[in-house]
Amino acid sequence: MEGLLRFLEFILLLIANIAIGTLGFIPSLLITPINLDRFGLIGGSALSISGEMIGALFGFWLYRYGAKHIPDAWQQRSWFRFFRNQSPVSVWWAVLGLRILPFVPSSAVTAGAALTRISAPAFFAASSLGKLPAVAIEIAVAFGLVLWLPRSLLYSALGMCLVILLLIALIRKRNPTKNASQ
């Protein structure tokens, strides 16, 4: 029975990691310490890496689906045509390079790539290779937090960060005109 519960916990965390990777705007650093705390360095790292890679691919498919439904007026804009005119090889290298940079928003890279002619497998390869260094650093930081902080403090801090992010999102949603001018 304990093995089944452990397996279910792993699957639920994998789904959560994939969802965070798909959304691309929730920092995965909020779940990586939980992965490491629950499944150790190897299992937790596997969860984090898998979630980042599979989530990015799901996000790519969602953005690609959405890009097919963009109104014609938007498709005539210069930035849209710029992305559409890039060769798949150029996009591959751009995705790889932008993924290596630690503070480039994941959702922006994924959305930009989805507007191009790059194939899903090519995007997956470039995105996954580019994410490895950043995920490795994230795992190292998160593992340090797991070793250094008591479990109750770690989970409280992660929960507080999540609540703060949700509050910021709600405030921005309620005041879209105020935030657009900032």
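The values are calculated or read from the model by the stated rules, or taken from the named source; none is laboratory data. Keep in mind the model is a prediction, meaning the values are calculated, not measured. Virtual Cβ from ideal backbone geometry, glycine too; neighbours counted across all protein chains shown.
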### Message
Looking at the range 55-67, can you tell me whether even one residue there is touching a Leu at 6+ places or on another chain (Cβ under 6 Å) and assigned to a helix (DSSP H, G or I)?
### Response
yes
## Note on the structure
ILE26 meets each of (1) in contact with a helix residue (DSSP H, G or I) (Cβ under 8 Å, 6 or more places away or on another chain); (2) at pLDDT below 95; (3) in a helix (DSSP H, G or I) with one exception, condition (3)
### Query
Scanning the range 118-150 for residues that are surrounded by 14 or more Cβ atoms within 10 Å (Cβ to Cβ) and more than 18 Å from the chain's Cα centre (by Cα), which turns out farthest from VAL91 (Cα to Cα)?
LEU149
### Message
So for the range 151-164 (the condition being farther than 22 Å from ALA46 by Cβ, of a type in the set (Gly, Ala, Ser) and surrounded by 13 or more Cβ atoms within 10 Å (Cβ to Cβ)), does at least one residue qualify?
### Response
yes
### Query
Of the residues in the range 123-145, how many are over 18 Å from LEU23 (Cα atoms) and in contact with a Pro (Cβ under 6 Å, 6 or more places away or on another chain)?
2
### Query
Just for the range 171-182: of the residues that are part of a helix (DSSP H, G or I) and over 14 Å from PHE25 (Cβ atoms), which one is modelled with the highest pLDDT?
ILE171
### Query
Does the range 40-50 contain any residue that is at pLDDT below 85 and at negative phi?
no
### Task
Go through the range 33-52 residue by residue and tally those that are among the polar types (S, T, N, Q) and closer than 25 Å to ALA114 by Cβ.
2
### Query
Do any residues in the range 149-163 that are at pLDDT 90 or above and among the charged types (D, E, K, R) have Cβ atoms under 6 Å from those of residues that are surrounded by 14 or more Cβ atoms within 10 Å (Cβ to Cβ) and part of a helix (DSSP H, G or I), where the two are at least six apart or on different chains, and which pairs are they?
none
### Message
Among the residues in the range 93-105, are any buried (at least 16 other Cβ atoms within 10 Å of the Cβ), at pLDDT below 90 and within 28 Å of SER45 (Cβ to Cβ)?
### Response
no
### Task
Would you point out the residue of the range 29-54, among those that are touching a Gly at 6+ places or on another chain (Cβ under 8 Å) and over 18 Å from LEU158 (Cβ atoms), that is surrounded by the most Cβ atoms within 10 Å (Cβ to Cβ)?
MET53
### Task
Given the conditions (1) at pLDDT 85 or above; (2) surrounded by 12 or more Cβ atoms within 10 Å (Cβ to Cβ), report the number of the one that VAL89 does not fulfil.
(2)
